[in-house]
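What follows is a set of notes on a single structure, which appears directly below.
The values are calculated or read from the model by the stated rules, or taken from the named source; none is laboratory data. If you're wondering where the values come from, they're calculated on a predicted model, not measured in any experiment. Quick reminder, even Gly has a Cβ in these numbers, built from the backbone with ideal geometry, and neighbours come from all protein chains shown. Calculation scope for accessible area: heavy atoms of the full protein, side chains included, ligands and nucleic acids excluded. Shrake-Rupley method; radii C 1.70, N 1.55, O 1.52, S 1.80 Å.
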Amino acid sequence: MNTTTFGSNVETSKYTIKPSCHQSSYTSPFSATTHKLSYLSKKPTNLSFRRHTKNGISCVVKSNHEEGLTYKEAGVDIDAGSELVRRIAKMAPGIGGFGGLFPLGDSYLVAGTDGVGTKLKLAFETGIHDSIGIDLVAMSVNDIITSGAKPLFFLDYYATSRLDVDLAEKVIKGIVDGCQQSDCALLGGETAEMPDFYAEGEYDLSGFAVGIVKKEAVINGKNIEVGDVLIGLPSSGVHSNGFSLVRRVLARSRLLLKDKLPGEESVTLAEALMAPTVIYVKQVLDIISKEGNKGIKGIAHITGGGFTDNIPRVFPKGLGALVYNDSWPVPPVFKWIQKAGGIEDGEMKRTFNMGIGMVLVVSKEAAERVLKEEGGMVYRIGEVISGDGVSYQ
């Protein structure tokens, strides 16, 4: 098969065009050639021309098709990230969890670091800067509570080409808010002014959190067994992962951030996408205080990699997760992302949290109590099974 790609500055219909046929002088019993046009019009589209020739009759079939978007095509390769972690683990054995544990007397210090990714790009476009600091704190403290640790303190790194004091103050205000929600101290940070390194008006953020947990109380997933229950804690939306793909979807949709989220007339796309990440510290530590690590056996923070990559991280070898389809309400923003981007189910589940930001692996007995006490704030979303990975039913 021969494939040729070329450009044209025209617009096309979104509908498939019927085949047209003509007599060909080419005598081969069968041949096929595909020509793919990438149009540069106001409505980007791909139009494929496939010519089939048989018994001297040549037919040209023209069809308009936009392929579904993927995280990798948006510039983020989850597999490459996993490979890097694997290589680092050879040099520094013991890494790979959501937080790093350092022994200190009868306790462990648990540390985590993270950023907010390209959600910052939307902050620049929307002018919403006072909640991005909450995202920054959330990404680190939510990681360290997966070990059962109480956050102690947080540090931030703020870098920009030219320091805009008013803008930086808005960002730091969000960080303070996030620390208050986490009941931890903002201990310090670094402000780096780096001329010519960042675009005018833009900045980058990193955060670092440290917590503590008694050694006998640490949650490490080692006692997880078949039949344990998966309890999901709802998210506020996209949180702080998958925004490279979100921005591709937004561009394809032709919608503006000020437009209403399709199907939700009370909220704009900007508001839906910039909703701050939920900080689960107080809720999760309260549940742990009642059930201990015999009842709460493992905790997964659903970030980059979605359910597919994050839930298995807390399991012993030989165990997997069965997730119940339709066991929690999927927020409208994810339905829009999937439809507008033509994204496959598997890609959605490996990129986004899909409405569940934290998963607790809980004994059957503890599950009943947690579900009763937390009411509509949690969902029974699955169970532990023999095998590996994540399957759906």
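Tallying residues that are farther than 24 Å from Ser289 by Cα and open to solvent by less than 20 Å² (accessible area, probe 1.4 Å) within the stretch 172-182 yields 2. Any residue in the stretch 283-292 that is in contact with an Asp or Glu (Cβ under 6 Å, 6 or more places away or on another chain), surrounded by 16 or more Cβ atoms within 10 Å (Cβ to Cβ) and not in a loop (DSSP other than H, G, I, E, B)? For the stretch 283-292, residues in contact with an Asp or Glu (Cβ under 6 Å, 6 or more places away or on another chain), surrounded by 16 or more Cβ atoms within 10 Å (Cβ to Cβ) and not in a loop (DSSP other than H, G, I, E, B): absent. With respect to the conditions (1) surrounded by 13 or more Cβ atoms within 10 Å (Cβ to Cβ); (2) of a type in the set (D, E, K, R); (3) farther than 24 Å from Thr303 by Cβ; (4) modelled with pLDDT of 95 or more, Glu373 lacks only one, and its number is (4). Among the criteria (1) assigned to a helix (DSSP H, G or I); (2) of a type in the set (Ser, Thr, Tyr); (3) open to solvent by 20 Å² or more (accessible area, probe 1.4 Å), the one Ser266 does not fulfil is (1). Of the residues that make up the stretch 161-171, is at least one over 30 Å from Gly342 (Cα atoms), within 26 Å of the chain's Cα centre (by Cα) and open to solvent by 60 Å² or more (accessible area, probe 1.4 Å)? For the stretch 161-171, residues over 30 Å from Gly342 (Cα atoms), within 26 Å of the chain's Cα centre (by Cα) and open to solvent by 60 Å² or more (accessible area, probe 1.4 Å): present. In the stretch 319-340, the qualifying residues are those that are open to solvent by 50 Å² or more (accessible area, probe 1.4 Å) and within 18 Å of Ile385 (Cβ to Cβ), and the one that is modelled with the highest pLDDT is Tyr324.
What residue, among those in the stretch 223-246 that are modelled with pLDDT under 95 and either assigned to a loop (DSSP other than H, G, I, E, B) or closer than 26 Å to Ala366 by Cβ (or both), is most open to solvent (accessible area, probe 1.4 Å)? The selected residue is Asn241.
Evaluate the stretch 190-212: report whether one residue or more is aromatic (Phe, Trp, Tyr) and assigned to a strand (DSSP E or B).
Let us first name the residues in the stretch 190-212 that are aromatic (Phe, Trp, Tyr), namely 197-198, 203, 208.
Keeping just the survivors that are assigned to a strand (DSSP E or B) gives 203, 208.
There is at least one residue in the stretch 190-212 that is aromatic (Phe, Trp, Tyr) and assigned to a strand (DSSP E or B).
Just for the stretch 247-263: of the residues that are of a type in the set (A, V, I, L, M) and touching an Asp or Glu at 6+ places or on another chain (Cβ under 9 Å), which one is most open to solvent (accessible area, probe 1.4 Å)?
Leu257
Pairs under 8 Å by beta carbon, first residue on the phi > 0 side of the Ramachandran plot in the stretch 252-264, partner surrounded by fewer than 14 Cβ atoms within 10 Å (Cβ to Cβ) and assigned to a loop (DSSP other than H, G, I, E, B), six or more apart or different chains? Within 8 Å, the pairs are Arg254/Lys43.
Here Gly387 clears all of (1) small (Gly, Ala, Ser); (2) within 20 Å of Ile144 (Cα to Cα); (3) open to solvent by 10 Å² or more (accessible area, probe 1.4 Å) except the condition numbered (2). Scanning the stretch 148-160 for residues that are open to solvent by 10 Å² or more (accessible area, probe 1.4 Å) and aliphatic (A, V, I, L, M) yields Leu152, Leu155.
Just for strands (runs of 3 or more DSSP E) wholly inside the stretch 91-188: which have at least 2 residues that are without any contact (Cβ under 8 Å) to a residue 24 or more places away in the chain and more than 25 Å from Val246 (Cβ to Cβ)?
Output list reads 100-104.
Taking the criterion of being open to solvent by less than 20 Å² (accessible area, probe 1.4 Å) and out of contact with any Pro (no Cβ under 8 Å at 6 or more places or on another chain), the residues of the stretch 183-217 that qualify are Ala192, Tyr203, Leu205, Gly207, Val213.
Selection of the stretch 353-370 for residues being surrounded by 19 or more Cβ atoms within 10 Å (Cβ to Cβ) and out of contact with any Ser or Thr (no Cβ under 9 Å at 6 or more places or on another chain) yields Val359, Leu360, Val361, Val362, Ser363, Ala366, Ala367, Val370.
Among the conditions (1) over 21 Å from the mean Cα position of the chain (by Cα); (2) under 19 Å from Val284 (Cα atoms); (3) open to solvent by 10 Å² or more (accessible area, probe 1.4 Å), the only one that Ile134 does not satisfy is (1). From the list Ile145, Ile128, the one residue that fits, being modelled with pLDDT of 75 or more and open to solvent by less than 30 Å² (accessible area, probe 1.4 Å), is Ile145.
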